[in-house]
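Worksheet: one structure, shown below.
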Amino acid sequence: MFLKIGYKTPFFGLSILLIVFLAGSCRSSVGSYEEDKPNIILFYADDLGWTDLSLQGSDFYETPAIDRIAKEGIRFTHAYANASNCAPSRACLVTGLYTPRHGIYTVNNSDRGNPRNRKLVPVKNTTVLDRKFQTLPESLRENGYATCIAGKWHLSPDPVPYGFDENFGGYERGHPNSYFSPYNNPALTDGTPGEHLPGRLSTEVSNWIKKNADTPFFVYLPFYSVHTPIQARQDLVDKYVGKTPGQVHDHVKYAAMIEAMDQAVAKILGAVEELGLSENTMVIFTSDNGPNGGVSLAKPLRGTKGMYYEGGIRVPFYVKWPKTILPARISSEPITGMDIFPTLLDVIKNAERPGLDGESLLPLLKGAKRLGERELYWHFPAYLQTGKNNRAYHEAHTPGWRATPCSVIRDGDWKLIEYFESGEQELFNLKNDPGERKDLSDVEIKKREELYAKLSRWREDTNAPVPTEINPGYTGIATPGFKVEHTDNL
């Protein structure tokens with residue numbers, strides 16, 4: 001039974017005041033009139049490896065702010081990048097689609113490296129994301145979100161047409177001309193001389209959040225950090241010069257770059273806390289691929305950025321959302337960056353799914369142990385060279401290359417890699433051998449055939465192109481490289 005209150009009754013004025021008060025209280029507690037639409041901040045680091053955070057086991061780098069996200073939320077220990085290098089990983093993230101769907105397989109051209117050592121003619125690469133694909137920011141904006149990007153876009157000259165209301169520093173280039181102002185960045189005005197890029201981006205984002213605190217907002221902050229050039233603040237360099245090097249990590253300037261990024265994260269999350277928005281803000285932190293082998297390693301994992309061993313594609317992945325996720329949770333469920341798109345659609349209760357390849361992680365965020373049976377796939381019909389400055393140079397499958405044309409499947413604890421140059425297959429049990437040192441392809445033949453059949457069907461389903469044409473300039477000259485230990489030689 002409802003009490004009817006007319007505008008001439010003595011209760012009218014009091015009722016209006018009560019309504020205004022309650023509306024204001026709800027608004028200040030969630031930062032939006034729509035409680036079912038949390039604010040979303042997606043931090044996407046560049047070239048940050050699986051062990052490049054202190055919570056991930058680094059014995060040298062310090063990342064208290066990023067670690068806090070995991071401590072107050074959930075940490076995924078078997079999270080994967082969508083690809084082993086920048087552009088394809090980002091294209092998969094914003095579209096929720098595997099690489100064969102959009103055709104972005106690598107950075108720039110696919111015929112990288114010495115042509116005499118490329119046995120096959122690689123598949124031509126796409127460098128600009130087609131506007132026909134529905135993107136994550138477009139979907140969120142259609143659902144009432146204010147959207148901004150701050151940092152590395154790398155998929156076209158301008159990210160704004162892909163669903164962003166505002167852009168701070170994002171354009172086609174894959175790394176900054178300089179981490180210090182003047183930046184020579186057409187999408188970012190220069191600051192005072194010596195201003196450092198991570199700090200500048202955090203200032204822009206913090207100010208933007210303050211301006212958009214009364215509506216649901218989506219911040220996509222794909223850091224340029226910690227991609228080369230390694231240009232660190234001197235005060236942080238001085239700190240790490242005086243620190244005892246770790247057994248795995250020891251690069252002073254790289255450590256300073258990581259901490260500068262961590263401070264940027266702290267500043268943005270601090271702004272959210274000051275506005276009283278933390279309770280209803282979802283924060284995601286992950287990386288686009290493994291570490292740059294010239295400065296860091298992902299040990300005990302094998303390989304670095306550009307390789308399709310675990311060190312090239314397994315990455316940190318943390319999610320914090322106080323309203324939903326209990327603190328200090330850890331999940332070993334295999335997930336991928338493509339899962340972010342469908343997860344966020346689930347979070348905002350949007351039933352439309354534009355044919356996404358990822359799966360929603362919302363059940364895991366709410367406490368489920370498993371998502372159900374599924375496989376994860378990667379496809380790289382291109383070449384990516386390496387140099388001897390890569391600390392994991394001898395861990396590559398093919399000497400002189402971080403990657404040659406290949407496809408990969410992870411199914412449960414098992415992982416199969418197929419190399420198109422030779423047809424060779426490698427099979428690893430990641431539970432028993434996370435460092436991928438023991439190739440079981442000649443031992444677990446039934447498992448190898450099972451995974452290969454699934455991988456072949458997936459390529460058919462996605463129309464994944466496989467290079468077969470022999471490069472007429474190929475000479476076959478190679479240099480000695482790392483070899484895995486086969487079980488039949490134990």
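Since every read-out is calculated from the coordinates, none of them should be taken as a lab result. Remember, predicted model here, so these are calculated numbers, not experimental data. Positions of Cβ are generated from backbone atoms using ideal geometry, with glycine treated the same way; all protein chains shown enter the neighbour counts.
Observations, loosely collected:
- Dipole of the chain [Lys/Arg +1, Asp/Glu -1 at C-beta], most positive-end residue of 56, 85, 162: 162
- Computed over the alpha carbons of the chain, Rg followed by Dmax gives 23.8, 94 Å.
- Sorting 71, 446 by the number of Cβ atoms found within 10 Å of their own Cβ, with the fewest placed first, yields 446, 71.
- Applying the criteria of a DSSP loop state and at most 11 other Cβ atoms within 10 Å to the trypsin sites (Lys or Arg not before Pro) of segment 119-226 yields 131, 132.
- Computed helical MRE - 222 nm, the chain, DSSP H runs ≥ 4 contributing -39500 (n - 2.57), nearest 500: -8000 deg cm²/dmol
- Set of aspartates and glutamates near residue 132 by C-alpha distance (under 17 Å), chain-local residues within fewer than 8 positions excluded: 142, 158, 352, 357
- Exposed loop sites, defined as chymotrypsin sites (Phe, Trp or Tyr not before Pro) outside DSSP H, G, I, E and B with at most 12 other Cβ atoms within 10 Å, are absent from the longest region of the chain, namely 8-490.
- Within segment 34-372, percent of DSSP bridges classed antiparallel, to nearest 5: 25 percent
- Cα gyration tensor shape for segment 333-466, rounded if a/c is under 1.5, else prolate or oblate: prolate
- Only the Cβ atoms of Lys and Arg (+1) and of Asp and Glu (-1) were treated as charged; on that basis the dipole of the chain about its Cα centre amounts to roughly 280 debye.
- Distance cut-off 21 Å, percentage of C-alpha pairs in segment 118-224 lying past it: 41 percent
- Of 349/431; 349/369; 299/415, pairs whose Cα-Cα distance is over 24 Å: 349/431
- Sites matching GluC sites (Glu not before Pro) across segment 361-455 that sit in DSSP coil, with at most 11 neighbouring C-beta atoms within 10 Å: 373
- The trypsin sites (Lys or Arg not before Pro) of segment 212-255 that meet both conditions, a loop assignment by DSSP and at most 15 other Cβ atoms within 10 Å of the site Cβ, are 243.
- Residues in segment 379-396 carry Karplus couplings, in order, of 9, 9, x, 9, 10, 9, 6, 9, x, 6, 6, 6, 5, 10, 3, 7, 9, 5 Hz; the curve used is 6.51 cos²θ - 1.76 cosθ + 1.60 with θ = phi - 60°, and Gly or Pro positions show x.
- Shape class of segment 359-434 from the alpha-carbon gyration tensor: prolate, with a/c at 1.5 or above and a/b greater than b/c.
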